[in-house]
């Protein structure tokens, strides 16, 4: 009996060790790798509410270890992650620590000012991205990389997994449509972590004036591009769960139409509908809520489709799926009034709207960007830190 008990304990211990070995270890957890880099430096961090090292924020960890954190930059949604999409987040002070939160836009070209840049020696980047061209965190990273290159400041990326990092899909952005929701010539789903993307930005000379910043990346451990990583913290108010993150590449296009994608409901990016859509049994009413104060079709009963019960496997198999937008376009039957010019900024190419208007299917349109996907996979290969 004692032998069996001892064997069971050894087995449990072995399994526990293996589970710990296989757990994805984030860049910010590897303090022995980056604390020496930060020693004696004036530090700025680019982070938000997702920048947690276990149960503590990176900012608190650095201050507890007596590092000189002099400034915070925060992306869309603010340092605490509770602002609406696109809502202006002004300079302020972190209430918990008193560290100044500097504006990202107090200089020229929507970059920090010279005065802001001269406050620090090294910028530490630690926040959770979701791997889409129109998710704005990487754009802010690029702008900060550009400012750091201009003012000779170092950049340290504490890498995190990409929850959509297992595939690449969508057309490469036509740079005539470059905007605040699309800044690089990459597909809609690029399948890279922020660390990998930062390496590619440097390597491809994608910063303005072909500048290159002094970049160091602390990679994750036990992570590959096949790892289905589930986020412990919602990255922004309207991506509350993994279903919304997986559907986001396909439902975000409704932002450029009169159709609600569920902002102001418990299922943002997981439903779509409109008061005038007909033939659907599902309905919902968008309300003013934290993170979606004035959502499309506010307080109106919308008829449409609930995608929230679709299996993750089915969503992954479909990839970037235009069938939902095509369904709503045909149902509403309002022609050119359906799309705004924002559609091209999101989708990145002119041909998509035209093909939808011509009655083409989602599969026919997807076939148009197949070569884009293959071209990008080859182009990004030298910059990958993790096995495909």
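Before moving on, here are some points about what is shown:
- The residues listed here are 35, 46; of these, the one that is in a helix (DSSP H, G or I) and either buried (at least 16 other Cβ atoms within 10 Å of the Cβ) or modelled with pLDDT of 95 or more (or both) is 35.
- Among (1) part of a helix (DSSP H, G or I); (2) in contact with a helix residue (DSSP H, G or I) (Cβ under 8 Å, 6 or more places away or on another chain); (3) within 20 Å of residue 171 (Cα to Cα), the one test that residue 328 misses: (3)
- Residues located in the range 141-179, provided they are part of a loop (DSSP other than H, G, I, E, B) and free of Cβ contacts under 8 Å to residues at least 60 places away in the same chain: 151, 178
- Any hit, the range 230-245, residues being outside any loop (DSSP other than H, G, I, E, B), under 20 Å from the mean Cα position of the chain (by Cα), without any contact (Cβ under 8 Å) to a residue 60 or more places away in the chain and surrounded by 14 or more Cβ atoms within 10 Å (Cβ to Cβ): yes
- Hey, residue 138 closer than 20 Å to residue 346 by Cβ, part of a helix (DSSP H, G or I), modelled with pLDDT of 95 or more and in the same structural domain as residue 213 (by TED's automatic domain parsing) or not: yes
- Selection from the range 331-352 of residues that are within 18 Å of residue 175 (Cβ to Cβ) and in contact with a helix residue (DSSP H, G or I) (Cβ under 7 Å, 6 or more places away or on another chain): 342, 343, 344, 345, 346, 347, 348, 350, 351, 352
- Inspection of the range 57-71 identifies no residue that is outside any helix (DSSP H, G or I), under 19 Å from residue 193 (Cβ atoms), at pLDDT 65 or above and within 24 Å of the chain's Cα centre (by Cα).
- Of all residues in the range 357-384, those that are part of a helix (DSSP H, G or I) and either touching a helix residue (DSSP H, G or I) at 6+ places or on another chain (Cβ under 6 Å) or closer than 16 Å to residue 169 by Cβ (or both) total 19.
- Of the residues making up the range 277-293, those that are in a loop (DSSP other than H, G, I, E, B), out of contact with any strand residue (DSSP E or B) (no Cβ under 9 Å at 6 or more places or on another chain) and touching a residue at least 40 places away in the same chain (Cβ under 8 Å) are 290, 291, 293.
- The listed residue being in contact (Cβ under 8 Å) with a residue 12 or more places away in the chain, assigned by TED's automatic domain parsing to the domain that holds residue 53 and touching a helix residue (DSSP H, G or I) at 6+ places or on another chain (Cβ under 8 Å), out of 217, 305: 217
- Residue check, residue 248 in contact (Cβ under 8 Å) with a residue 40 or more places away in the chain and closer than 26 Å to residue 24 by Cβ: yes
- Some residue of the range 77-98 being modelled with pLDDT of 95 or more and either out of contact with any helix residue (DSSP H, G or I) (no Cβ under 9 Å at 6 or more places or on another chain) or surrounded by 21 or more Cβ atoms within 10 Å (Cβ to Cβ) (or both): no
- Positions within the range 126-140 being touching a strand residue (DSSP E or B) at 6+ places or on another chain (Cβ under 7 Å) and either without any contact (Cβ under 8 Å) to a residue 40 or more places away in the chain or within 19 Å of residue 244 (Cα to Cα) (or both), in sequence order: 127, 131, 132, 133, 134
The values are calculated or read from the model by the stated rules, or taken from the named source; none is laboratory data. Just so it is clear, the structure is predicted and the values come from calculations on it, not from any experiment. Positions of Cβ are backbone-derived with ideal geometry, glycine not excepted, and every protein chain shown enters the neighbour counts.
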